[in-house]
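Here's the structure we're looking at; comments come further down.
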Amino acid sequence: MQIGVGEFFTSPIAHSPLVPTAEVVYSVECASSLPRGLTMKSSVSACPVPFEQQPLNEYEELKESWFFRWATLDLPRYIRKLLWIWGWSWLLVGPIAAASFPPAKHPVQFALAGTAGAALFLAFVLLRLYLGWTYVRSRLANATIFYEESGWYDGQLWAKPPEMLAQDRLVVTYQIQPVLKRLTQTFGVLAIVSIMGALVWQLL
């Protein structure tokens, strides 16, 4: 088994229903598409998990999706995406802030209120990104996979072979954890900016 590690990020929802009972199914190997730079010996044994519910394929789908891949972009492009979201959110929060604090009379309050509203919208976007990546991380890190054969009523559990579990956890360590760290740091910056805005508001 080999894995290539990028400098910071190399380019990642799925099904999570709960069922009253679940059958544990054991198999030797589960063939699925692998991230670039990752190879794994396959087996002729049938994998009971449907292709689209296999954790590595869920990871690939997430990584290639228009929205969730934002978190894997290089830092300048990632920041531009965040600023783009923050800027467009002013179309929603700007009129509300202007109605509460007319810019001509209360320009500072208007700017602070609009900035806070736009930051809140951005926080919701970041939260959605974080939840999506966290879900796939748990699917890869867990020793068993929950999957549906045809619907929520026939959920099953399949125990990963040791080789697959080790491989999935390498993907978590080198591909997903850096993304979650970046999102967490972004939340921290957003919180600091919000606190600073609140302090300025108190001084007015």
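The values are calculated or read from the model by the stated rules, or taken from the named source; none is laboratory data. These numbers were taken from a predicted model, which means no experiment stands behind them. We place every Cβ from the backbone using ideal geometry, glycine too, and count neighbours over all the protein chains shown. The accessibility values were calculated without ligands, DNA or RNA, using every heavy atom of the protein model including side chains. Shrake-Rupley method; radii C 1.70, N 1.55, O 1.52, S 1.80 Å.
When the accessible area of segment 112-204 is computed with all protein chains present and a 1.4 Å probe, what percentage of it is carbon and sulfur?
Accessible surface attributable to carbon and sulfur in segment 112-204 totals 70 percent.
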Inset, instruction - On a C-alpha basis, how far is the centre of segment 50-102 from the centre of segment 145-175 in Å? Whole number, if you could? - result: 27 Å
Legend entry - Virtual paramagnetic centre 7 Å along Cα→Cβ of residue 106, amide N under 13 Å, in segment 166-204: 201-202, 204
Legend entry - Stokes-Einstein D for segment 106-147, Kirkwood Rh over Cα pairs, 4 °C, 1.567 mPa s (µm²/s): 101 µm²/s
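Can you classify segment 57-102 as rounded, prolate or oblate using the Cα gyration tensor, where a ≥ b ≥ c are the square roots of its eigenvalues, rounded means a/c under 1.5, and otherwise it's prolate if a/b beats b/c and oblate if not? Let's see the in-between values first.
Details: a/c = 6.11, a/b = 2.61, b/c = 2.34.
Here segment 57-102 falls in the prolate category.
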Inset, instruction - Convert each backbone phi in segment 82-98 into a coupling constant with the Karplus relation 6.51 cos²θ - 1.76 cosθ + 1.60 (shift: θ = phi - 60°), then list the ³J(HN,Hα) values in order as whole Hz, x for Gly and Pro. - result: 5, 5, 5, 5, 4, x, 5, 5, 5, 4, 8, 8, x, x, 5, 5, 5
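Residue 122: net charge of surrounding residues, Cβ under 15 Å, Lys/Arg +1, Asp/Glu -1, itself excluded?
+4
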Inset, instruction - Give a quick list of trypsin sites (Lys or Arg not before Pro) in segment 69-171 that DSSP marks as loop, anything other than H, G, I, E or B, with at most 14 other Cβ atoms within 10 Å. - result: 105
Inset, instruction - Stick to Cα atoms and the Kirkwood definition of Rh, then tell me Rg/Rh for segment 68-204. - result: 1.16
